[in-house]
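Asker: One structure coming up, written as structure tokens, with questions to follow.
The values are calculated or read from the model by the stated rules, or taken from the named source; none is laboratory data. Keep in mind that this is a model prediction, so the values were computed, not measured. Note that we place each Cβ from the backbone using ideal geometry, even for glycine, and neighbour counts take in every protein chain shown.
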Amino acid sequence: MEAVLNFLSQKPVFTLFLIVSTGYLMGRISIKGFSLESSAILFVAIAAGALGLKVPVEFKTMGLLFFVYSIGLQAGPKFFSFFRKDGFALNMLAFLTVSMGALITIFCIVFFGIKPEIALGIFAGALTSTPGLAAAQEATNSSLTSVGYGVAYPFGVIGVIVFVKMLPFLFRGMKEKEKEEKEVKDKITFQHNKVVNPAIFGKTLREIGFRSLTGCVVSRVVRKGKTFVPSPETKLEKGDIVKVVGTEESLKNATNLLGEKVEKRIKSKGGNLVVKKFVLTNKNIVGKTVKEIALNSYFNATLTRIRRSGIEFPAMPHHKLEWGDRLTVVAEREVVENLKKFFGDDLKAVEEGNIYAVILGMVIGILVGMVPVSIGNAFSLKMGMSGGILLSGLILSNLGKTGPIIWRAPGPIINFVRELGLVFFLAVVGVGAGKTFGHTLGQNGLILLLSGVLTTVIPMVSLFVLNRIFFKMGMLKFAGIITGGMTSTPGLAAATSLSDSTEPLITYAAVYPAAMISMIVWAKVLASVFMN
């Protein structure tokens with residue numbers, strides 16, 4: 001054993017990669033749904049540090065920069081929707097969850113006498129937030145922060161899973177509300193209907209309010225043997241055969257409105273009409289609604305479906321288009337090239353990353369982090385490298401493009417950069433924490449564990465009580481908010497097991513960016529208040 005330790009102590013780079021690979025393998029071990037995932041690297045590193053091993057500390061800074069910037073790139077396009085009406089309430093609940101964790105942290109510092117650098121680690125671990133740990137570690141520059149994280153993280157994971165599994169029991173008195181919120185199967189399909197309802201003869205699709213009334217899109221109409229793409233001003237006539245696109249539930253609405261469902265099929269290929277898919281990379285129409293781009297008016301074409309983040313849904317007039325959306329359009333063959341130019345349709349811009357843009361964005365973030373932020377004479381702090389780089393990633397990815405520079409990066413590249421930075425960061429800080437982990441835990445183990453439990457449990461229970469009294473959300477949406485607010489991926493897995501509905505997943509994705517940013521901001525604020 002001594003010979004192995006001597007060898008490893010002389011090969012710090014090899015030791016670093018050995019810790020990362022060992023931790024990665026351990027993190028994949030799952031016991032009844034519980035796994036440490038990337039955090040296993042931290043625990044392996046703590047053990048290595050306790051044995052006296054060392055790794056190059058330069059990898060910590062590099063890992064931190066790549067990790068935090070990738071978080072900004074990932075969250076940016078959706079984070080600023082926080083300020084829009086539709087997502088404001090949900091994101092406020094996520095912010096409230098994190099803020100309650102911060103208040104418990106203050107309580108533990110003041111009344112339990114826990115060192116601030118340890119308490120900040122407990123705060124991040126109890127809410128299972130690695131971005132929070134990164135921000136706290138940078139703010140405290142203390143190995144004790146990682147110790148606190150290591151103590152609180154296991155219960156943070158288990159506690160959220162157990163709480164989510166208890167939700168069916170806790171929500172047993174809210175069956176009707178849940179029934180209203182359950183989502184129908186979101187798989188997009190189509191059907192053909194014959195117009196036989198006299199109430200709509202001679203009325204335009206706009207007059208009927210077809211899309212809003214049914215949740216479907218009419219992609220084609222056959223009238224007297226002629227097939228054409230309808231516009232909002234197209235009048236429905238008796239005997240028309242229409243192709244309707246939507247979910248299984250919305251198609252039932254269309255049948256109720258139009259009349260009988262028929263087996264006749266309108267051919268998708270051949271003739272003058274074609275179905276084409278485009279990738280949205282034209283910045284000029286990003287953020288505009290389906291109604292605002294007015295394909296019917298300019299191209300005599302119909303946008304029928306949008307595919308975003310692996311989810312496909314009917315294109316409704318109020319839906320806003322986002323960079324990288326996959327759009328399904330029914331159009332006449334001669335306008336396809338014009339539509340291609342209109343949407344951009346540059347797959348390379350979406351799937352290939354620009355390393356220059358990534359590095360330049362990080363440089364901008366480092367400079368931003370050097371600028372002090374002051375509120376009068378009472379409060380002043382610097383965002384630091386992690387805060388500045390996060391803000392840079394958020395803003396630049398939200399912009400999407402500046403001149404020839406495309407700031408956004410494709411999902412696979414963002415995920416790779418994030419994981420690469422994360423594993424190096426966890427390995428280095430874990431080794432540093434290992435030197436004091438056993439001693440700190442031996443002296444204050446029970447109080448540290450209690451603080452972690454309180455920081456995990458109280459925000460979830462408090463939010464549950466507030467929901468029962470004020471918000472009255474259904475179980476599935478609440479599960480998404482809890483797991484997103486606690487930044488718990490294992491908890492999300494438990495939430496999705498409650499039902500076939502995608503409601504928890506959609507809600508989690510909506511609130512997760514705000515929760516991450518809240519964690520980082522609170523870590524900076526708490527460090528500024530208690531470390532000075």
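Asker: Of all the helices (runs of 4 or more DSSP H) wholly in the stretch 85-199, which have at least 1 residues that are modelled with pLDDT under 85?
Answerer: On the way: elements: 85-111, 116-126, 130-140, 144-170, 175-181.
Once the helices (runs of 4 or more DSSP H) in the stretch 85-199 are filtered for at least 1 residues that are modelled with pLDDT under 85, what remains is 85-111, 130-140, 144-170, 175-181.
Asker: Could you check the stretch 212-253 and list, in sequence order, the residues that are surrounded by fewer than 17 Cβ atoms within 10 Å (Cβ to Cβ), of a type in the set (D, E) and farther than 18 Å from L303 by Cβ?
Answerer: E237, E248, E249
Asker: Of everything in the stretch 1-13, what is surrounded by fewer than 19 Cβ atoms within 10 Å (Cβ to Cβ) and in a helix (DSSP H, G or I)? Give them in sequence order.
Answerer: Here is the first cut: in the stretch 1-13, the ones surrounded by fewer than 19 Cβ atoms within 10 Å (Cβ to Cβ) are 1-7, 9-13.
E2, A3, V4, L5, N6, F7, S9, Q10, P12, V13, listed by residue number.
Asker: Quick one: which of G63, G52 is modelled with pLDDT of 85 or more and surrounded by fewer than 21 Cβ atoms within 10 Å (Cβ to Cβ)?
Answerer: Going through G63, G52 in turn, just one is modelled with pLDDT of 85 or more and surrounded by fewer than 21 Cβ atoms within 10 Å (Cβ to Cβ): G52.
Asker: Another question, then. Is it the case that some residue within the stretch 454-465 is loosely packed, with under 15 Cβ neighbours inside 10 Å and assigned by TED's automatic domain parsing to the domain that holds T15? Let's see the steps before the verdict.
Answerer: Going through the stretch 454-465, the residues loosely packed, with under 15 Cβ neighbours inside 10 Å turn out to be 461, 465.
Next, only the ones that are assigned by TED's automatic domain parsing to the domain that holds T15 stay: 461, 465.
Checked against the condition, which is being loosely packed, with under 15 Cβ neighbours inside 10 Å and assigned by TED's automatic domain parsing to the domain that holds T15, the stretch 454-465 yields at least one hit.
Asker: Related question: Scan the stretch 499-532 residue by residue and report those that are over 15 Å from the mean Cα position of the chain (by Cα) and at pLDDT below 80.
Answerer: Going residue by residue through the stretch 499-532, those that are over 15 Å from the mean Cα position of the chain (by Cα) are 499-501, 520-532.
S499, D500, S501, M531, N532 - these are the residues of the stretch 499-532 that are over 15 Å from the mean Cα position of the chain (by Cα) and at pLDDT below 80.
Asker: Which of (1) more than 42 Å from the chain's Cα centre (by Cα); (2) over 26 Å from K276 (Cα atoms) is the odd one out, the single condition R223 does not satisfy?
Answerer: (2)
Asker: Still on this structure, please answer the following. Here is a list: F155, F123. Which entry is aromatic (F, W, Y), within 29 Å of T61 (Cα to Cα) and surrounded by fewer than 20 Cβ atoms within 10 Å (Cβ to Cβ)?
Answerer: None of the others qualify; the one that does is F155.
Asker: Moving on to the next point. Every residue in the stretch 214-227 that is modelled with pLDDT of 85 or more and among the hydrophobic types (A, V, I, L, M, F, W, C), please.
Answerer: V218, V221, V222
Asker: Restricting attention to the stretch 14-53, which residues are without any contact (Cβ under 8 Å) to a residue 12 or more places away in the chain, outside any helix (DSSP H, G or I) and of a type in the set (A, V, I, L, M)?
Answerer: Listed by number, the residues that qualify are I29, I31.
Asker: Would a scan of the stretch 389-400 turn up a residue that is surrounded by fewer than 24 Cβ atoms within 10 Å (Cβ to Cβ) and outside any helix (DSSP H, G or I)?
Answerer: Among the residues of the stretch 389-400, at least one is surrounded by fewer than 24 Cβ atoms within 10 Å (Cβ to Cβ) and outside any helix (DSSP H, G or I), which makes the answer yes.
Asker: Assuming P504 fulfils every condition listed in (1) buried (at least 20 other Cβ atoms within 10 Å of the Cβ); (2) in contact (Cβ under 8 Å) with a residue 60 or more places away in the chain apart from one, which condition is it?
Answerer: (2)
Asker: Separate question: Check G52, G27 and return the single one that is small (G, A, S), on the phi < 0 side of the Ramachandran plot and in contact with a Ser or Thr (Cβ under 9 Å, 6 or more places away or on another chain). First the steps, then the outcome.
Answerer: Numbers: G52 fails: on the phi < 0 side of the Ramachandran plot.
Unique residue meeting the criteria: G27.
Asker: Name every residue in the stretch 295-313 that is modelled with pLDDT of 80 or more and out of contact with any Ser or Thr (no Cβ under 7 Å at 6 or more places or on another chain), in order of residue number.
Answerer: Initially, the stretch 295-313 is screened for residues modelled with pLDDT of 80 or more, giving 295, 301-307.
Residues satisfying the conditions are A301, L303, I306, R307.
Asker: A follow-up question, please. If you scan the stretch 224-249, which residues turn out to be outside any loop (DSSP other than H, G, I, E, B) and either free of Cβ contacts under 8 Å to residues at least 60 places away in the same chain or under 10 Å from Q191 (Cα atoms) (or both)? If you could, list the steps in order and put the result at the bottom.
Answerer: From the stretch 224-249, those outside any loop (DSSP other than H, G, I, E, B) are 226-228, 235, 241-246, 248-249; that's our starting set.
Once the filter is applied, which keeps residues that are outside any loop (DSSP other than H, G, I, E, B) and either free of Cβ contacts under 8 Å to residues at least 60 places away in the same chain or under 10 Å from Q191 (Cα atoms) (or both), the stretch 224-249 yields K226, T227, F228, K235, I241, V242, K243, V244, V245, G246, E248.
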